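The values are calculated or read from the model by the stated rules, or taken from the named source; none is laboratory data. All values derive from a computational prediction rather than experimental measurement. Please note: Cβ atoms are built from the backbone with ideal geometry, for glycine as well, and neighbour counts cover all protein chains shown.
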Amino acid sequence: MSISSMFSAGPGSAAGEAVAARTGAILDGRPDANPVAALEELAASLPALDDIREVPDGDNSALSDIEREQKNKTEGVIRTAVAAGNTAVWVIAQGLERAAKGKWWRGTHGTYEEYVKELTGRSASYARRLRSAAPLALETAARTGRVPNPGQADETRKVEKQHGTEAAILLFDVVAEITEEMGGEPTAQVLRAARQELPPALPDVPEQQRAEIETSARRALGAGVRIRTPLFEDNSNDGVRIRTPAEVEIESVDRVQPDEQTDADADEVVDAEIVPDSIVTLNDALRVLTALNKAVSKDTFSQAAQAGDPQEYADLRAKILKKANAFQRKVQFAPFAYGPAPQCASCDATTVPIPANQGVGAGAYWWCEACEKTMGAREPLA
């Protein structure tokens, strides 16, 4: 299907053709494509949210002519945005906000979940995540000229909750500039590290606020947060960086891939950033550890103890043991992973970990928010 044909039931105007052309440029990868401008034009093509009639629960009436026109226009924009990929993911979110308000699945789909899955190929829970993050993501794109992906938006939303919208946008912009300067990308991992370095309160003066955020970001990146290559506690290796697998010849060591996930939501999140930066880091760490384990045997220690300087060997042994124990503690106390949330046997809704306000067992059981009851133990994956 061509980009123009996606708008056959949609805008149907010069503006719609312009959006189609610009989105086509994104898909073709033409150098003159401006993703932020395309994003703004796509968003502007949607009917105004205030013009959408809010439909109460239980209303299964047929769509009016106006509702049908709004629906067709919005679905055309959503389909174009789906084709454009992550660049337009926030337009999808805005379109789904209108679909949710107007309950446009009436008469064609049993639930909102079914409607979203058929229209976008994504799960309803992922759509809700996008809808919540869309306002800040769009404002960030308009102000910085960079379109955040869902993982990045999750981090900036946490900053917005604590420090406000201006600080959230500033963090994204500053981290993007610093990582670009270092030859990297402002991944969600880097944004998280910079966010965690922020002080409890930021200055009110914009220039001072930016300076404080830049200081925090550079402090986080200077502490060994990975930009391109994995570092093992960079500041505490006596100035020597442990080489990455790309720099070390490793024979017959295949990259360890994460187990395939069948949970739709997990697939959605991976799709947003292709492969999470943190998973890449852990895979690289495993390869480095595998290479070290092959290269250093028991005989290596025995020979070093017999042939080397006793004090030098003792110092090296102590340092290696300290590093190994530190890494082992990180793994030992790392969070567990859990399997996909089950469906409620009564209403078929997707369950969530039992909230803390429900008393004993918070997080240890699955909870149906609609039925307000538990749905079995929540066991970590082995």
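The rows are residues; the columns are (1) at negative phi; (2) surrounded by 18 or more Cβ atoms within 10 Å (Cβ to Cβ); (3) at pLDDT below 90.
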position	(1), (2), (3)
Met6	yes, yes, yes
Pro11	yes, yes, yes
Pro31	yes, no, yes
Leu42	yes, yes, yes
Ser45	yes, yes, yes
Leu49	yes, no, no
Ala83	yes, no, yes
Trp90	yes, yes, yes
Gln94	yes, yes, yes
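When we screen Glu97, Glu139, Glu113 for residues that are among the charged types (D, E, K, R) and under 18 Å from Ile52 (Cβ atoms), the only hit is Glu97. Listed by first and then second residue, the pairs linking a residue in the stretch 307-319 that is of a type in the set (Phe, Trp, Tyr) to a residue that is in a helix (DSSP H, G or I) and surrounded by 11 or more Cβ atoms within 10 Å (Cβ to Cβ), with Cβ atoms under 7 Å apart and 6 or more places separating them unless they lie on different chains, are Tyr313/Ala304; Tyr313/Ala305. In the stretch 201-223, the residues that are basic (Lys, Arg) form Cβ pairs under 7 Å with partners that are modelled with pLDDT of 85 or more, at six or more places apart or across chains, as follows: Arg210/Leu170; Arg210/Val174; Arg218/Ile178; Arg219/Glu197.
Taking the criterion of being at pLDDT below 90 and part of a loop (DSSP other than H, G, I, E, B), the only residue of the stretch 60-81 that qualifies is Asn60. Condition first: within 14 Å of Thr108 (Cα to Cα) and either touching a residue at least 60 places away in the same chain (Cβ under 8 Å) or of a type in the set (Asp, Glu) (or both). Now tell me which residues in the stretch 48-66 satisfy that. Within the stretch 48-66, just Asp59 meets the criteria. Of all the criteria given as (1) farther than 17 Å from Gln189 by Cα; (2) outside the structural domain of Arg98 (by TED's automatic domain parsing), the one not satisfied by Leu170 is (1). If I ask for residues that are among the small types (Gly, Ala, Ser) and not in a helix (DSSP H, G or I), which ones from the stretch 189-207 would you list? Of everything in the stretch 189-207, just one residue is among the small types (Gly, Ala, Ser) and not in a helix (DSSP H, G or I), namely Ala201.
Can you confirm whether Gly58 is under 20 Å from the mean Cα position of the chain (by Cα), more than 26 Å from Thr165 (Cβ to Cβ) and surrounded by fewer than 21 Cβ atoms within 10 Å (Cβ to Cβ)?
Judged against the criteria, Gly58 is not a match.
Tell me which residues, restricted to the stretch 177-188, are surrounded by fewer than 21 Cβ atoms within 10 Å (Cβ to Cβ) and touching a Ser or Thr at 6+ places or on another chain (Cβ under 7 Å).
Glu185
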